[in-house]
Structures are given as structure tokens and as C-alpha cells.
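Let me give you the structure first, and then I'll get to my questions.
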Amino acid sequence: MTFSEQPLRDQAVPPSWHSRFAFFDAYGPPADPPAREAMKHLSFGQRIRLTFNPLAFFFGPIYFAVKGMWRKGLMLFGLTVVFNALLLALNVPSSFDMAIACGVGALYATTANYAWYLHVRNDNRSWNIFEGMTRSKAE
């Protein structure tokens, strides 16, 4: 049975998210070994769809707030403000602004999908933005 054939328990999830939720149900967090192994067998487009959220990339904390994950959005926004203040204090050249902005957007985009999965499936209201994004200790 492939991950897209797994039964979906939550009917409130939009159809475009069914395959993502089924994958996370079957293999766990994206950084865990079973999920990493399963991702090796997916196409490039499927891997990107599971691990990158373009709306979160462009809208950042607004996306998190609209999805109901305001705690994580607020934490990410706070980290962004601290990071930008540090860069300003270090007098980083403005020519690096676009690269830095893309990096911050990528942080939002790569944490959004699994964060929303936890929010919907487990009623997760944690402030931890990296939950499930790091390898578990029991490897």
C-alpha cells in the first residue's frame, strides 16, 4: 500500500493536503529515518510538495496565523527580528539582503507543512517551530 492509499481520518483537511497527511501518518516526521528513506523513492516534485510550502515562503508569519498556528508564526517572526537586528548590528552589506530574505523564507516554507500536520492531527499548540524537523534521538 502506498502512502497515498492510506485512509485519512480528518475530513477537514483540504484534498490537496491528503497525500501529505497520509505520508506523515505512514512515515512520521520528515527528518526521521523511515520518512527520509521513503522520500528517496518519490519524484523530485513529490519531495518538494511534502517539504516546501510556497505560501509560507512568501507570506511567512501571516500564513502561520491564518492556519491557526499563530504561536509558531510569532516565534518565527521573533527569530527573524532578532536575526535582522544582529545583521544590522554587524553591518552586513545590503547586497546580501536578497539571499538572507530567501533563507528566512525557506525557514518558514520548510517548517509549515509538518507544523500544520501536527496542528490538525495532534491538536498541537506548541511554540516549538522545529518540532519534527530534527532527527529523533532513538536512531
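Exactly one condition in (1) farther than 20 Å from residue 128 by Cβ; (2) among the small types (Gly, Ala, Ser); (3) under 14 Å from the mean Cα position of the chain (by Cα) is false for residue 99; which is it?
Only one criterion in (1) farther than 20 Å from residue 128 by Cβ; (2) among the small types (Gly, Ala, Ser); (3) under 14 Å from the mean Cα position of the chain (by Cα) is unmet by residue 99, namely (3).
Turning to a different aspect of this structure: What tally of residues in the stretch 9-53 results from selecting those that are of a type in the set (A, V, I, L, M, F, W, C) and exposed (fewer than 14 other Cβ atoms within 10 Å of the Cβ)?
3
Moving on. Among what's in the stretch 108-131 and is of a type in the set (D, E, K, R) and over 23 Å from residue 83 (Cα atoms), pick the residue that is surrounded by the most Cβ atoms within 10 Å (Cβ to Cβ).
Step one: of the stretch 108-131, the residues of a type in the set (D, E, K, R) are 121, 123, 125, 131.
Those still in the list that are over 23 Å from residue 83 (Cα atoms) too: 121, 123, 125.
Working: 121: 14, 123: 7, 125: 12.
My answer is 121.
What do you reckon, is residue 49 of a type outside the set (A, V, I, L, M), more than 20 Å from residue 16 (Cβ to Cβ) and in a helix (DSSP H, G or I)?
Details: of a type outside the set (A, V, I, L, M): yes; more than 20 Å from residue 16 (Cβ to Cβ): no; in a helix (DSSP H, G or I): yes.
No; evaluated as a whole, the condition is false for this residue.
Also: Restricting the search to the stretch 56-72, which residues are closer than 20 Å to residue 13 by Cα and more than 11 Å from the chain's Cα centre (by Cα)?
Selection gives 62, 63, 65, 66, 67, 68, 69, 70.
Just to be sure, is residue 130 aromatic (Phe, Trp, Tyr), under 18 Å from the mean Cα position of the chain (by Cα) and modelled with pLDDT under 90?
Yes.
So which helices (runs of 4 or more DSSP H) stay within the stretch 53-139 end to end and still have 3 or more residues that are farther than 20 Å from residue 16 by Cα and of a type in the set (A, V, I, L, M)?
Of the helices (runs of 4 or more DSSP H) lying wholly inside the stretch 53-139, those with at least 3 residues that are farther than 20 Å from residue 16 by Cα and of a type in the set (A, V, I, L, M) span 70-89, 97-121.
The values are calculated or read from the model by the stated rules, or taken from the named source; none is laboratory data. Just so it is clear, the structure is predicted and the values come from calculations on it, not from any experiment. Counting neighbours? That spans all protein chains shown, and the Cβs are built from the backbone with ideal geometry, glycine included.
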